[in-house]
Amino acid sequence: MRKNKAMIFWFCMPALLSLVLMFVYPVCRTVLMSFFRVESVTATMADWSFYGLGNYTKIFGSTSFMTSMKNMLLIWIVGGVFTLALAMLMAVTVTSGIRGKKFFRAAIYMPNIISAVALATMWIQYIFNYDYGMLNTIVQFFGGDKIKWLGTDLKFWAMTGSFIFGSVGYYMLIYISGIEGIPQDLYEAATIDGAGKVHQFTHITLPLLKGVMKTSVTFWSINTTTFFLWTKMFSPIDTESSTIVPVIYLYDMVFGGKGITTRDAGAGAAVGVVLTLIIIAVYLITEQLFKGNDLEY
Amino acid sequence: MKMKKTLSLLLASALSLSLLAGCGGGNGGQSTGGSQPSGGSTSQGAPSGSGKQYDGVTLTMWSMWSSGEPQANVIEEAAAAFEAQTGAKVNIEFKGRDVNKVLTASLESKEKIDIIEDDYQRIANTYPNILDLTDMAKAVNYDSWSYACLNNQVIEWVGHLNSIVEQPQVGGVFYDKDAFSKAGITAEPKTWAEFLTVCQQLKDAGIAPIAQDSAYCNFAFYHQLVRYLGEDKVTELDMNGGWSGTKAEQAAQDIIDLIGKGYFVDGAPDEFPASENKIGFGQAAMIVCANYVTAEVNMQTGTEVNWGLFTYPAVDGGVDNASAYGGANSLAVTSYSENAQAAFDFIIFLTTGEFDQKMADTAAQIPADSRNKAPAALNGTVETLLAADKPMSWCAGINANADLKDTIKSMCVELFEGKYATGADFCKALDALY
């Protein structure tokens, strides 16, 4: 038994070492850095000067950061509702026994295997383009005037819509795996009892998918807080307030931007800590909301 | 049992070693230059016995380009020629545009790098451990062929010359000469009044005068602000507010008037690069941008626009009616390089004569060596840079306030979208941010 314990210890060592070096250390350093005035992210601790809550005061007093938080919240709520609802709808449809299930599943998931850069370029250049984009072609076909989908008023929603398109397939697969895990006997029994498809969905599928939905919400929260590439694609060269999100604000703070050489790694670290706390809070709230509702089958 | 214990220890060690091996050597870029280890910067190899100046010297260069790009190809070619001539081998690691994200850390830790390539402003203001090149530059009479305005700017930032220009950039109004000819325009406008006349002539000839992408709205408006106020005043207003009642109102009003007169091409401000491409499609004639717009438009539209360039027009009562945007991708030597002279010689080899001309021709760039010839699409750029005294920065004045720069950028786009009735309204909205 003693020998087995030693063996377990030695086998765990590489993983533990990796975890400490690559995860625990950077996290601790980032948290610590957020309380110091630090210019360069790689500056030695000797170059740090204690700043208390100064970095936090700075970011929460910043118009750009607050705009970025507002944008992130909108993506989380609006994007989340649409993405998760559409994913659920498609998962239920695909698993309902329709013909061509494999084709639809692959087609809906396809945006996930295409590079996000290519996907964003497609939306910007072929769907939203003012002169020959698909949307304005449709608008003109019905006699309307061309719309500036990427103007300051609509750019945020154009970006969010594109992001939703690229995300639905992923959550659909999660839901499909959840639905396929529900025993068919339950549906058969419900059918014999006279329950329609809607009733089966609301009284069997939804309650039994609560665990999967909890996971989806957590994943969506992580996706939203790490939202980066779509903003870069929709506002190239310089960041714009209509598309800024906290990670972009952090990135600009830590690395500067075009023609900007001032950096503030301390403020960047504070943004990182705030985002982590948000994810933890969302996770805990979700846990509470779904607490005690786990059903076994 | 002993055997089992030994085996488990061996397995654990192997796992640890493979993990560490995976973590190590993370240079992240593509390395060329033979089978030399990427970390081997200035290692002194065995002399080949050919008696060349730098026999056995190995240099490491971190490039901002990606392997396969025209610029990267020229650098590789130059490195091969330099090795043949001097015996020094140059290992080039193509890190791509994001080289700036890793350079600071690498230079702070004195990673074995001899030459870096990046934006000259970042080299001047951000990176540690960069060598003072003043004496070396003097020894080769660098001033005689380089651009004084860019060198002076570096000296103003750092106190000495710490980089050598590789790919200079210049901004202004780039235009289609054929469109000007079609509209009967024979002279480039020098003042705002002349510019408006040119716009009207183009419009009368059925050509939209100005293309404008939203990505460059702040850059275009910055020109107008700098003409009226100068960069220092713009920076001051950007930091503290107080735009209302200044000439910024007139600057904004000028843009609003351009919109009112219908001088922007349909769809402007459009999403980059849709509007600039309209010059390639013959739908628009002018754009305020930097020189790379010419190569972008030619490549994206598959045309060869007959490009011209004129300095942004002077305005009535302006305090800075002459400056033009100037910038550069430059090369620098690390202060801890063991072969600094060889590194400097390679830089000069690359940025002068044959290889500089090749860089200008294949990558459609302004030559770093002013004795070379700019490609046809960049006619006039060498002269503009040589004539400039001090370059205008890339929106530094309206990017100075880190908390507001994103909002101000969006407001600049709104200005070009026609969301403000008057210049005073625009300035009032700006002041409301403070």
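Observations, loosely collected:
- Interface residues of region A:60-76, defined as those losing at least 50 Å² of solvent-accessible heavy-atom surface relative to the isolated chain (probe radius 1.4 Å), are listed as A:Thr63, A:Ser64.
- Region A:103-181, dipole about Cα centre (Lys/Arg Cβ +1, Asp/Glu Cβ -1), debye to the nearest 20: 40
- Positions from region B:396-434 whose accessible area shrinks by 30 Å² or more when the full protein complex is built, not the chain alone, probe 1.4 Å: B:Asn399, B:Asp403, B:Lys405, B:Asp406, B:Thr407, B:Lys409, B:Ser410, B:Glu417, B:Lys419
- For region B:204-209, putting each phi into the Karplus relation 6.51 cos²θ - 1.76 cosθ + 1.60 with θ = phi - 60° gives couplings of 4, 8, x, 10, 5, x Hz, in residue order, rounded to whole numbers and with x for Gly and Pro.
- Cα lying deepest toward the dipole's positive end in chain A, options A:Leu89, A:Tyr171, A:Val245, charges on Cβ: A:Tyr171
- Partners for B:Lys419 among aspartates and glutamates (Cα-Cα distance below 20 Å; same-chain residues under 8 apart left out): A:Asp145, A:Asp153, A:Glu240, B:Asp213, B:Glu249, B:Asp254, B:Asp257, B:Asp266, B:Asp270, B:Glu271, B:Asp406, B:Asp431
- All-pairs Cα distance distribution in region B:174-269, expressed in whole percent, bin size 10 Å: 14, 42, 31, 11, 2
- Comparing B:Leu133, B:Leu350, B:Leu378 in a Gaussian network model of chain B, where Cα atoms under 10 Å apart are tied by springs, the biggest mean-square fluctuation is seen for B:Leu133.
- Student exercise, region A:143-261 dipole from Lys, Arg, Asp, Glu Cβ charges, in Debye to nearest 20: 300
- By the helix-only formula, in which each DSSP H run with n ≥ 4 contributes -39500 (n - 2.57) and the sum is divided by residues, the protein assembly as shown has a 222 nm mean residue ellipticity of -16000 deg cm²/dmol.
- A 1.4 Å probe run over region A:17-65, with the rest of the protein chains in place, finds 61 Å² accessible per residue.
- Probing with 1.4 Å while keeping every protein chain in the model, the per residue accessible area of chain B equals 38 Å².
- Amide H contacts under 5 Å for B:Asn91: B:Leu59, B:Thr60, B:Met61, restricted to partners 5 or more places along the chain or on a different chain, H placed in the peptide plane at 1.01 Å from N.
- Residues along region A:142-159 losing 40 Å² or more of accessible surface when the other protein chains are present rather than the chain by itself (probe 1.4 Å): A:Lys148, A:Thr152
- For chain B, a Gaussian network of Cα nodes joined below 10 Å ranks B:Met299, B:Met411, B:Met392 by mean-square fluctuation, and the top entry is B:Met299.
- Comparing A:Thr42, A:Thr243, A:Thr152 in a Gaussian network model of chain A, where Cα atoms under 10 Å apart are tied by springs, the biggest mean-square fluctuation is seen for A:Thr42.
- Average partner coverage of B:262-274, which counts Cβ from other chains inside 10 Å: 4
- Projecting the Cα positions of A:Ala270, A:Ser235, A:Ala281 onto the charge dipole of region A:52-289 (unit charges on Cβ atoms of Lys, Arg, Asp and Glu, taken about the Cα centre) puts A:Ser235 furthest along the positive direction.
- Accessible surface of region A:20-123 [probe 1.4 Å, protein heavy atoms]: carbon and sulfur percent: 75
- Entries of A:Lys232/B:Lys101; B:Lys190/B:Lys261; A:Lys155/B:Lys409; B:Lys112/B:Lys373 with Cα pairs more than 25 Å apart: B:Lys112/B:Lys373
- Solvent-accessible heavy-atom area per residue, rounded to whole Å², over region A:174-283 at 1.4 Å: 40
- Globularity ratio of region A:52-289, using Cα Rg and 2.2 N^0.38 Å: 1.20
- Rg followed by Dmax, in Å, when region B:218-312 is reduced to its Cα trace: 15.5, 46
- Sequence-distant aspartates and glutamates (8 or more away, or on other chains) whose Cα lies within less than 13 Å of B:Lys358: B:Glu76, B:Glu77, B:Glu166, B:Asp369
- Here the accessible area of region B:283-349 is 48 percent carbon and sulfur, with a 1.4 angstrom probe and all protein chains present.
- Percent breakdown of C-alpha pair distances by 10 Å bin, ordered from the shortest bin, for chain B: 4, 19, 26, 22, 15, 8, 3, 1, 1, 0
- Here the protein assembly as shown has an Rg and Dmax of 29.5, 96 Å, counting Cα atoms alone.
- In this structure, the amide hydrogen of A:Ile147, modeled 1.01 Å from its nitrogen in the peptide plane, lies closer than 5 angstrom to no residue at least 5 positions away or on a different chain.
- Association of chains B and A removes close to 3900 square angstrom of accessible area from solvent, both sides included, for a probe radius of 1.4 Å.
- Remark: region B:345-362, residue by residue, has Karplus-estimated 3J(HN,Hα) of 4, 5, 4, 5, 4, 6, 9, 9, x, 4, 6, 5, 5, 5, 4, 4, 6, 7 Hz, where x stands for each Gly or Pro and the curve is 6.51 cos²θ - 1.76 cosθ + 1.60 at θ = phi - 60°.
- Taking amide H as placed 1.01 Å from N in the peptide plane, B:Gly96 has its amide H under 5 Å from the amide H of B:Trp65, B:Ser66, each at least 5 places away in sequence or on another chain.
- Across all Cα atoms of region B:276-434, the radius of gyration (one decimal) and Dmax (whole number) stand at 19.9, 61 Å.
The values are calculated or read from the model by the stated rules, or taken from the named source; none is laboratory data. Quantities reported herein were computed from a predicted structural model and do not represent experimental measurements. Cβ sites come from the backbone with ideal geometry, for glycine too, and all protein chains shown count toward neighbours. Remember, those area values only see protein heavy atoms, side chains included, never the ligands or the DNA or RNA. Shrake-Rupley method; radii C 1.70, N 1.55, O 1.52, S 1.80 Å.
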